[in-house]
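The values are calculated or read from the model by the stated rules, or taken from the named source; none is laboratory data. As the structure is a computational prediction, the values presented were derived from the model and not from experiment. Glycine gets a Cβ as well: all are built from the backbone with ideal geometry, and neighbour counts include every protein chain shown.
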Amino acid sequence: MEISPGLFFGKLREGDVVSDFDCGNVDTNDFLKNDAIDYQRQNLAVSYVLKDASNKVLGFVSLAMGAIRTRDHPALVVPNVEIRQYPGLKIGQMGVTRERQGEKLGEFLVLASIKMAEELKENIGCRFVLVDAYHERIGFYERLGFKQAKSKPTGGTMPMYLLISEG
């Protein structure tokens, strides 16, 4: 799908060239280059890429289902509903190539993920968009409306959530 002149957004395909992708994070680069297609084949996550007119991958986001535990977030509990976890769409991996960082492409990828969550909630349970944010990216997600979870940081990341609209 063309999102603006020369920019296309869609599901990662086997033929997409990702070998020269570099967002500056070794783990994120490695996921896109070595694991993303396998995750799709195994129905663990689906990755979406943002490409330019020459089909160069400028950024990507990998999405899977996730959950947020109610005992860790008592303020999120829905009255009269006994449930241990709330379902959400999880941003598992996301990156924008170094030369295009600062152009709001990452913001586009997050907003596209939120839109997908809004569409999902019409067919399955989906109350939140979730992410385990690297500490240096917490402010980025907060500017987009995400809140830090009350649970402790894990593995160098901070669990964050965004309540998607109700109704």
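Annotations
- Selected residue (criterion: farthest from residue 99 (Cα to Cα)) from residues of the range 10-30 that are of a type in the set (A, V, I, L, M, F, W, C) and at pLDDT 95 or above: 12
- When residue 112 is tested against (1) over 11 Å from the mean Cα position of the chain (by Cα); (2) part of a helix (DSSP H, G or I), only condition (1) is not met.
- Filter result for residue 24 (in contact with a helix residue (DSSP H, G or I) (Cβ under 7 Å, 6 or more places away or on another chain) and either on the phi > 0 side of the Ramachandran plot or of a type in the set (D, E, K, R) (or both)): yes
- Among the candidates 158, 65, the residue that is surrounded by 15 or more Cβ atoms within 10 Å (Cβ to Cβ), at pLDDT 95 or above and not β-branched (Val, Ile, Thr) is uniquely 65.
- Selection count, the range 68-102, where residues are at pLDDT below 90 and hydrophobic (A, V, I, L, M, F, W, C): 7
- Restricting attention to the range 1-37, the residues that are charged (D, E, K, R) and in a helix (DSSP H, G or I) total 4.
- One residue alone among 104, 115, 121 is buried (at least 17 other Cβ atoms within 10 Å of the Cβ) and basic (Lys, Arg), and that residue is 121.
- Filtered residues of the range 12-41 (kept if β-branched (Val, Ile, Thr), surrounded by fewer than 12 Cβ atoms within 10 Å (Cβ to Cβ) and touching a residue at least 40 places away in the same chain (Cβ under 8 Å)): 17
- Hits in the range 133-149 - residues which are among the aromatic types (Phe, Trp, Tyr) and within 15 Å of residue 68 (Cα to Cα): 146
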